[in-house]
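Undergrad: The structure under discussion is supplied below as structure tokens; questions concerning it will follow.
Derivation of every value follows stated rules applied to the coordinates shown; laboratory data play no part. These figures come from a predicted structure and were not determined experimentally. Cβ coordinates were reconstructed from backbone atoms using ideal geometry, including for glycine residues, and neighbour counts include every protein chain displayed.
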């Protein structure tokens, strides 16, 4: 970092600019983080308690599946960081405000996804369903990749299944074209790879099974 940047950091104008730049993404980050927390919280209610699988349990499970893609969806918010990097902001603002802000946001968002599935894994193991863990993980990775595409490109939300089911239904054939299939496939592989890495780290350092 140049001396000019260090000098700029000490000025009141720099702090004002840093606060303005930070707040450009605050509303988006807060909202997307809230959506990512929903499946995480539900996973404790569903998978970390001894509840019977009643009708209510299955309904909450459906809500869990619908909102789960919101956690890995945060990975795609990196496009906003890239857009800001292409603008004429001071390097000190980029390295001390933008990159840390989005790094923490994206990291925490994906951790919510990992922990949600680890809670599911623990539940399956306790319920003598260990053989179902891998198929369930792969299925949820794939559904999450589809959900990310629907949210990022078609701007559809998790609750559209209830509020606007027709719009969601008529959007599904679009998934069978070349570009959506390519995006979903790549997204699925990235989610799976990152999940497996994080799962092993949790198991090694925290004994999280």
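Undergrad: For segment 87-98, does any single residue satisfy the condition of being within 19 Å of the chain's Cα centre (by Cα) and surrounded by 16 or more Cβ atoms within 10 Å (Cβ to Cβ)?
TA: Scanning segment 87-98, I find at least one residue that is within 19 Å of the chain's Cα centre (by Cα) and surrounded by 16 or more Cβ atoms within 10 Å (Cβ to Cβ), so the answer is yes.
Undergrad: Can you name the residue in segment 148-172 that is under 19 Å from the mean Cα position of the chain (by Cα) and outside any helix (DSSP H, G or I) and is also nearest to residue 78 (Cα to Cα) among such residues?
TA: 153
Undergrad: Let me confirm something: among 181, 175, which residue is assigned to a helix (DSSP H, G or I), touching a helix residue (DSSP H, G or I) at 6+ places or on another chain (Cβ under 8 Å) and exposed (fewer than 13 other Cβ atoms within 10 Å of the Cβ)?
TA: None of the others qualify; the one that does is 181.
Undergrad: Next up: I'm trying to understand the selection: among the residues of segment 114-149, which are within 27 Å of residue 173 (Cα to Cα) and in contact (Cβ under 8 Å) with a residue 24 or more places away in the chain?
TA: Correct list: 137, 138, 140, 141, 142, 143, 144, 145, 146, 147, 148, 149.
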